[in-house]
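Heads up, the thing below is written out as structure tokens.
The values are calculated or read from the model by the stated rules, or taken from the named source; none is laboratory data. As the structure is a prediction and not an experimental result, all values here were calculated from the model. Positions of Cβ are backbone-derived with ideal geometry, glycine not excepted, and every protein chain shown enters the neighbour counts. To get the accessible areas, we keep the full protein, side chains included, count just its heavy atoms, and leave off ligands, DNA and RNA. Shrake-Rupley method; radii C 1.70, N 1.55, O 1.52, S 1.80 Å.
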Amino acid sequence: MSALPEFSFAKQAKATKGVLVIPVLEDAALAPIAKELEIDVDTGRAATAANFTGKARQSMAMLAPAGSKLDKLVFFGLGKTDDFSEITFRKFGGALAGKQGKASNILVDFGFAGDDETIGAPHLAAFAQGWYLRSYAFKKYKTKKKDDEKPKSSKVQIVGANAMDAKKHWASDQGVADGVLLARDLVNEPANALGPVEFAEIASDLTKLGVEVEVLGEKEMEKLGMGALLGVAQGSVRPPRMAIMKWNGGATKDQPVAFVGKGVVFDTGGISIKPSGGMEDMKGDMGGAAAVTGLMHALASRKAKCNVVGIIGLVENMPDGNAQRPGDIVTSMSGQTIEIINTDAEGRLVLADALWYCKETFKPKFMINLATLTGAILVALGSHHAGIFSNNDELAEKLTGAGKSSDEKVWRLPLGVEYDKMIDSKFADMKNTGGRWAGSITAAQFLQRYVDDVPWVHIDVAGTAMSSPSTDINTSWGSGFGVRLLDQLVRDHYES
Ligand code: BES
Ligand code: MN
Ligand code: ZN
């Protein structure tokens with residue numbers, strides 16, 4: 001892992017060395033600030049030369065300003081207070097982190113930009129979170145780092161009226177951010193290093209945070225009749241696992257909420273093998289399971305007051321002599337039979353048993369599953385929204401709201417009997433593909449056959465979990481999408 005910054009918060013502090021960042025509102029007068037800092041610069045001339053007016057995200061740096069021990073003074077534009085939100089502050093933090101290079105001592109003084117009315121503790125903590133998330137890079141396998149590329153950790157001090165409160169908020173936001181980084185690490189890790197067994201071991205490490213973890217092996221899954229999941233796994237020499245993570249932060253008798261993740265550590269397509277171009281990306285086909293694991297980390301580290309179950313189905317989809325064939329019929333744990341039309345539609349098979357197991361074992365308040373399920377969701381939504389499908393308007397709306405406030409956005413697509421019919425099979429209860437059209441919807445219809453009337457949302461994260469464009473708060477291939485979204489949902493609606 002990259003070197004992550006350490007944050008501290010203060011109500012008042014003076015920068016004595018290193019980098020001083022001064023966030024300012026749009027059209028703020030800079031001269032009085034320079035004067036108060038006893039720095040002898042002509043801010044007017046500098047601002048004109050740099051085209052700096054304090055619009056959101058603009059920045060103007062002065063290197064080793066005369067009359068000061070600072071290495072650098074940076075004015076950073078916050079724009080107008082009307083646009084202030086945790087989202088914009090998270091992005092400000094990320095954008096600034098992207099500019100700091102190897103500076104090891106940084107002070108960001110919000111004291112010139114507002115008071116505790118306009119810049120609250122959650123803003124300051126979100127700022128730190130954005131900075132932290134941006135600082136992540138997956139460099140584990142780079143052995144030839146030059147000295148100047150070696151990660152160096154930095155200390156960032158944030159000054160603002162709400163410092164003491166911000167410190168508390170950050171303690172919890174950092175736990176969430178660490179969950180995001182865990183999910184990114186899992187997605188970035190290559191499949192030769194991260195098989196089902198290794199993944200389950202990492203999930204088991206959450207016991208350190210007070211999460212109860214149980215891991216099912218092949219024999220146990222056979223006993224439970226998980227023929228759909230096992231059919232996928234049988235083509236790999238690496239055995240499957242199912243990890244069940246429980247965080248009991250709520251009242252004892254409170255029904256849990258449940259999150260279920262697709263964890264295909266590598267998806268070759270199986271006998272219906274994928275084309276080789278870009279196949280390496282299929283190491284990320286466990287992005288759903290990574291998000292669930294990261295979420296459990298997040299909820300446990302911030303001690304969420306809620307009972308939560310996380311279940312991940314871990315398999316590898318490979319085409320060996322024992323692999324399942326198109327035309328095979330498997331029996332899922334629910335008893336429903338499935339005709340395999342395309343062995344590359346494997347994620348839904350894994351989830352069918354994971355969802356059924358979840359519903360039967362825990363009788364949850366709701367089930368939300370995350371899966372890199374279909375290429376078709378990329379065609380529909382690209383990388384900027386995850387697709388959601390639901391049998392429950394209220395839950396879908398709550399999730400959409402959490403998407404807006406966390407800035408991990410989701411967009412609802414329809415379900416319906418006409419689509420459901422498309423997966424009826426000639427030989428079995430259903431087939432695992434629905435033909436060329438509406439591929440993301442027929443995949444969701446398949447899952448719906450395994451949830452009964454439990455309120456449920458399926459989130460297709462094929463476009464958002466990996467390979468999405470860099471943003472202010474993420475430059476890594478694996479994004480960790482879903483962790484902040486679902487943490488927000490729990491925070492907003494399910495904590496006592
Ligand atoms: N893991 C893939 C979906 C995927 C595609 C994820 C691109 C991330 C990026 C999934 O298992 C798959 O292969 N889906 C097929 C389904 C088809 C065979 C019905 C697809 O989308 O083509
Ligand atoms: Mn596939
Ligand atoms: Zn897949």
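Brief remarks on what is shown
- With the simple spin-label model, which puts each label point 7 Å out from Cα in the Cβ direction, the residue 197 to residue 117 separation comes to 6.3 nm.
- Contact order relative to length of the chain, as percent, for alpha carbon pairs under 8 angstrom and 6 or more apart: 16
- Here the sum of -39500 (n - 2.57) over DSSP H runs of 4 or more residues, divided by the residues of the chain, equals -10500 deg cm²/dmol at 222 nm, to the nearest 500.
- With the highest mean first, a sort of the peptides 447-458, 224-235 on other beta-carbon atoms found within 10 angstrom per residue produces 224-235, 447-458.
- Cβ crowding within 10 Å averaged over residues, with 367-380, 38-51 ranked highest first: 367-380, 38-51
- Estimated dipole of region 1-48 in Debye, rounded to 20 [Cβ of Lys and Arg +1, of Asp and Glu -1, Cα centre]: 180
- Ordering of 328-336, 291-299, 461-469 by packing is 291-299, 461-469, 328-336, highest average first (other Cβ atoms within 10 Å, averaged per residue).
- Subset of 99/303; 223/426; 274/426; 11/99; 365/409 violating a 30 Å alpha-carbon distance limit: 99/303
- Pairs from 14/55; 72/152; 102/145; 102/140; 91/168; 72/144 whose Cα-Cα separation, in the structure shown, is over 22 Å: 14/55; 72/144
- Pairwise FRET efficiency - residue 142 versus residue 280, Cβ, R0 = 25 Å, nearest 0.05: 0.90
- Cα gyration tensor shape of region 426-488, rounded if a/c is under 1.5, else prolate or oblate by comparing a/b with b/c: oblate
- Dividing the convex hull volume of the alpha carbon atoms of region 253-294 by its residue count gives 79 Å³ per residue.
- Nitroxide proxy distance, nm - points 7 Å out along Cα→Cβ at residue 409 and residue 204: 4.2
- The modelled label-to-label distance between residue 255 and residue 493, using points 7 Å beyond Cα along the C-beta direction, is 1.4 nm.
- Each DSSP beta bridge with both residues in the chain is either parallel or antiparallel, and the antiparallel ones are about 40%.
- Checking every one of the trypsin sites (Lys or Arg not before Pro) in region 280-322 against DSSP loop status and a limit of 14 other Cβ atoms within 10 Å picks out 303.
- All Cα-Cα distances of the chain, cut into 20 Å bins from zero to the largest, leave 24, 49, 23, 4, 0 percent in each bin in turn.
- In units of the compact-protein estimate 2.2 N^0.38 Å, region 295-443 shows a Cα radius of gyration of 1.14.
- With kT/(6 pi eta Rh) evaluated at 4 °C and eta = 1.567 mPa s, and Rh the Kirkwood radius from Cα pairs, region 241-358 diffuses with a coefficient of 83 µm²/s according to Stokes-Einstein.
- Stretch gain in nm, segment residue 219-residue 55, where the contour uses 0.36 nm per residue and the Cα spacing is subtracted: 52.9 nm
- Considering all C-alpha pairs of region 77-168, those separated by over 15 Å amount to 62%.
- Of the solvent-accessible surface of the chain, computed with a 1.4 Å probe over protein heavy atoms with every protein chain present, carbon and sulfur atoms account for 50 percent.
- Prolate is the label for region 227-278, because the ratio a/c of its alpha-carbon gyration tensor axes (a ≥ b ≥ c) is 1.5 or higher and a/b is greater than b/c.
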